[in-house]
1. Which of 197, 126 has the fewest other C-beta atoms within 10 Å, and how do the rest follow up to the most?
2. Using amide H atoms built in the peptide plane, which far-off residues or other-chain residues are under 5 Å from residue 262 H to H?
3. Among rounded, prolate and oblate, which fits the stretch 9-97 when a ≥ b ≥ c are the square roots of the eigenvalues of its C-alpha gyration tensor, a/c under 1.5 means rounded, and a/b larger than b/c means prolate?
4. At what distance in nm do the modelled label points of residue 98 and residue 123 sit from each other, each positioned 7 Å from its Cα along Cα→Cβ?
5. Given the Cα-Cα distance of residue 54 and residue 167 and 0.36 nm per residue of separation, how much length would full extension add, in nm?
6. Kindly put 97, 237 in sequence by how many other C-beta atoms sit within 10 Å of each C-beta, fewest to most.
7. Sequence-distant or interchain residues sharing an amide H contact under 5 Å with residue 196, placed H: which?
8. Highest first, please rank the peptides 85-93, 109-117 by the mean number of other Cβ atoms sitting within 10 Å of their residues.
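Just so it is clear, none of the values below were taken in a lab; they were calculated from the coordinates. Keep in mind that this is a model prediction, so the values were computed, not measured. Neighbour counts run over all protein chains shown; Cβ positions are idealised from the backbone, glycine included.
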Amino acid sequence: MAKLGWIDVTEVSFNAFLLFEPIHAEYIATREPDSHMGTAIKANTAVDWYLRHIYPPIGDYLDRCLALAKSDASAEEIREAEINVLDRVHDWLVYVLDPEKYDRQDFNGWDNASLLGMADFKHKVVIDIGSGTGRLAFSVAPIANTVYAIEPVANLRRFIWEKRNELKLDNVFPLDGTITQIPLPDDFADIVMSGHVFGDDPPAEVAEMTRVTRDGGMILLHPGTNNNSESEAHQYLVEQGFEFANFEEPGDGMKRKYWKTVHKINPSKLGDCLMLKQNGYEFVEETKYPNINESAQQQDKPQPPYQIPLEPNHPVIDLPNRKRLTWVLMICVKPSRKDVPYVATAMRASLSMSYPICSG
Ligand SMILES: C[S@@+](CC[C@H](N)C(=O)[O-])C[C@H]1O[C@@H](n2cnc3c(N)ncnc32)[C@H](O)[C@@H]1O
């Protein structure tokens, strides 16, 4: 990662780790254990204790770092190790120590019209995920009905509360949460947006954003990836039916923004299976509905041919390709009801959740 230069980490105490959140510990635990971390943690037992308590799974990582710690490290060597570690969490230090510094960065000076042109925010219920200092949230708040600023760092939520009061935008509500754990009900928002957060786990993130977006609502990523990126995140978004364009972040170049209108399946309507198509699912072919009653009678368990009946005597969509099925969706035919064959459960594999199309 390029040096950010937002703060001088040589002046930061290693105790700043005591201001970190469980999500930071979770990220740290995914890194390769290293001797600098081991040396720093060995000399800072309170930090070691704290991290193990806010995120117990980090214990294994810390033990492996400690095994690599320099023995008999001098005070200078310890400080050198601390600075090395602090430098790698530069952005998090700014969030927990001085969010104003992040808010003032040139790249935050992008043109509001770029975001406002992506959707009609007027009177809308909006969720901003990974809100930070509220760059996206405060851009749309003057027009929107309400904006829920989801942010896992307490100090940033505090910053947003203060800024909301300063700007007299009392329709902005900071909430603790993450892009894979949004503390709001299904179909809650008209618009779900996020900037500079998407990408660690694209399927889980798109699934959770989709969950809280109402049918016909929109998901916006501003930005979602760096310009011209052919990353997995970009590929995934395109596969999921997101469109994209560029915009400029001053001093940081062109970035990619993404948008998609969400179409949801209404469980009460078999005909809404057609909505799957609009949700980016690939269908192999459409065929006439054959003799599913007979096959259902003979089977105890859901069996191929994995068909989606739209309604009795209506053509159905046939999904013979199992490999593609596991990626796209898994249809189970429930055998117990013989008069009207129907789909009991569809696994939206990309969303990792089961979704009833019809029950009865
Ligand atoms: C680079 S900042 C972007 C802030 C703001 N969206 C913007 O564009 O200026 C990333 C923000 O996402 C938050 N964050 C980190 N991991 C997150 C996650 N898994 N879910 C939601 N937010 C996260 C960070 O605390 C930070 O506030």
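1. The fewest-first ordering by Cβ neighbours comes to 197, 126.
2. Counting only residues 5 or more places away or on other chains, the set is 216, 217, 218, 219.
3. It comes out oblate by the Cα gyration axes.
4. Here the answer is 4.5 nm between the modelled labels.
5. Stretched fully, the residue 54-residue 167 segment lengthens by 37.3 nm.
6. 97, 237
7. Close amide H contacts, sequence-distant or interchain: 222.
8. Final packing ranking: 85-93, 109-117.
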